[in-house]
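First up is the structure itself, then whatever we jot down about it.
Every number here is computed from the coordinates shown, using simple stated rules; none is lab data. No experiment lies behind these values; they were computed from the predicted model shown. Don't worry about glycine lacking a Cβ; one is built from the backbone with ideal geometry, like all the others, and counts go over all protein chains shown.
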Amino acid sequence: MAPLEQVLHRAKELGFFGPAPIDEQIAHAMIFAEHLPRASAKIADIGAGGGLPSLPLLVSNTELRATLIDTNERRCSFLAWAIVELDLAERTSVELARAEELGKDGGFREQFDVVIARGFGPPAITLECAAPLVSLGGRVVISEPPESRQWPSKELASIGLEFEYSNNCAVFNKVDSSDEQSPRNFRTMQRHPIF
């Protein structure tokens with residue numbers, strides 16, 4: 001078994017992602033690679049959990065740099081172990097933090113070419129947390145079921161995003177800087193989603 005498969009098998013044993021076979025999980029993660037603007041992109045994976053989709057992307061692309069963000073200490077400990085195990089530590093960091101808090105931190109705000117998310121939460125919350133992290137001209141790429149949905153342009157514009165296209169992932173361009181108040185706190189986002 002290849003090192004990536006071994007690491008992901010361990011993540012699966014720990015309950016960090018679902019029962020689908022590892023090869024299917026890797027194949028799904030690689031869909032995100034199609035939406036990266038360039039090989040040397042700097043990405044943030046919000047809700048990084050067991051390392052999907054970021055670990056397969058990093059293993060397959062030696063120029064990619066990433067920050068893996070999760071709120072759970074156990075998952076972050078696993079991710080810290082995984083990036084050492086896969087020899088990714090020089091270009092990958094792990095942040096034990098809430099995405100909406102990092103979005104207000106000057107060291108992270110608008111610092112990434114791409115923000116990716118797989119199973120982070122409802123789309124409105126995912127996008128509101130992701131938008132402040134991505135730089136102007138960058139992208140947000142989130143998992144999307146095969147049947148596409150309608151994305152409300154006015155509400156997306158309120159967080160600086162514009163829907164580009166959907167192909168197993170929904171891709172959004174950052175067309176305007178995020179409002180200083182964005183993102184709102186998680187409870188407010190839950191009670192009053194932008195769409």
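With a simple spin-label model that places each label point 7 Å from the Cα along the Cα-to-Cβ direction, the separation between Arg91 and Arg74 comes to 3.2 nm. Excluding His192 itself, what net charge comes from residues whose Cβ is under 13 Å from its Cβ, given Lys and Arg +1 and Asp and Glu -1? My count for the surroundings of His192 gives +1. How much mean residue ellipticity at 222 nm does the chain get from its helices, if each DSSP H run of length 4 or more adds -39500 (n - 2.57) and you divide by all residues, to the nearest 500 deg cm²/dmol? Taken over the chain, the calculation gives -8500 deg cm²/dmol.
A Förster distance of 22 Å, applied to the separation of the beta-carbon atoms of Met30 and Gln6, puts the FRET efficiency at 0.80. Based on the alpha-carbon gyration tensor of the range 73-133 and its eigenvalue square roots a ≥ b ≥ c, which shape applies: rounded if a/c is under 1.5, prolate if not and a/b is larger than b/c, or oblate? Since a/c reaches 1.5 and a/b is larger than b/c, the shape of the range 73-133 is classed as prolate. Of the trypsin sites (Lys or Arg not before Pro) in the range 116-168, the ones in a loop by DSSP (not H, G, I, E or B) with at most 13 other beta carbons within 10 Å are Arg149.
Beta bridges assigned by DSSP with both partners in the range 96-185 are antiparallel in approximately 65 percent of cases. Could you let me know the centre-to-centre spacing of the range 138-172 and the range 47-120, using Cα atoms, in angstrom? Cα centres, the range 138-172 to the range 47-120: 21 Å.
Counting only DSSP beta bridges whose two residues both lie in the range 1-109, roughly 0 percent are antiparallel. Note on the chain: Lys pairs 8 or more places apart or on different chains, Cα atoms under 27 Å apart, count 6. If you count the DSSP beta bridges with both ends in the range 3-191, what percent of them are antiparallel, to the nearest 5? So the antiparallel bridges amount to about 35 percent of the total.
What is the range 3-191 by shape, rounded, prolate or oblate, if you read a ≥ b ≥ c off the alpha carbon gyration tensor as root eigenvalues and call it rounded for a/c under 1.5, prolate for a/b larger than b/c, and oblate otherwise? Judged from the Cα gyration tensor, the range 3-191 comes out prolate (a/c at least 1.5, a/b above b/c). Under the combined filter of DSSP loop state and at most 13 neighbouring Cβ atoms within 10 Å, the range 35-115 retains these GluC sites (Glu not before Pro): Glu63, Glu90. Taking GluC sites (Glu not before Pro) across the range 138-195, the ones in a DSSP loop with at most 13 further Cβ atoms lying within 10 angstrom of their Cβ are Glu147, Glu180. Computed 3J(HN,Hα) for the range 5-14, one whole-Hz value per residue from the Karplus formula 6.51 cos²θ - 1.76 cosθ + 1.60 where θ = phi - 60°, is 5, 4, 5, 5, 4, 4, 4, 5, 4, 7, glycine and proline marked x.
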